[in-house]
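The structure under discussion appears below in the form of structure tokens.
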Amino acid sequence: MGIINNEHEIASYRVVIKINGVKNNEVGPIVLNNGETREREATFVPQVAGKNQKVEFLLYKDRDIEPCFEPLHLWIDVTE
């Protein structure tokens, strides 16, 4: 995943990864200066098998309780 800080100030970010609405992992905090970019691997491990499982990546800035943007999501099929 990649994060770019365009806030015109130092900012701290975290990414919450959810599968079917349940938190699976969290990455961060990632502190960036204005204009700085960081790329980092984000991992998740599905807990159950099933088709069309929704994986969401939610970006939070500083201590915000609401995501900065609409979540990025993808659909996965998990087999045993």
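Residue pairs whose Cβ atoms lie under 8 Å apart, separated by 6 or more positions or on different chains, with the first residue in the range 62-80 and modelled with pLDDT of 90 or more and the second of a type in the set (A, V, I, L, M, F, W, C) and part of a loop (DSSP other than H, G, I, E, B), are VAL78/VAL48; VAL78/ALA49; THR79/ALA49.
Counting only strands (runs of 3 or more DSSP E) that sit wholly inside the range 18-80, those with at least 3 residues that are under 11 Å from the mean Cα position of the chain (by Cα) and within 20 Å of GLY2 (Cα to Cα) are 22-32, 50-61. Remark: pairs (first residue in the range 19-36, farther than 13 Å from PHE57 by Cβ; second residue hydroxyl-bearing (Ser, Thr, Tyr) and exposed (fewer than 13 other Cβ atoms within 10 Å of the Cβ); Cβ separation under 7 Å; 6+ apart in sequence or on different chains) are absent. Counting only residues that are closer than 18 Å to PRO71 by Cα and not in a strand (DSSP E or B), the range 7-17 holds 0 of them.
The values are calculated or read from the model by the stated rules, or taken from the named source; none is laboratory data. Please read all numbers here as calculations on a predicted model, not as lab measurements. Here Cβ is always computed from backbone atoms with ideal geometry, including for glycine, and neighbour counts include all displayed protein chains.
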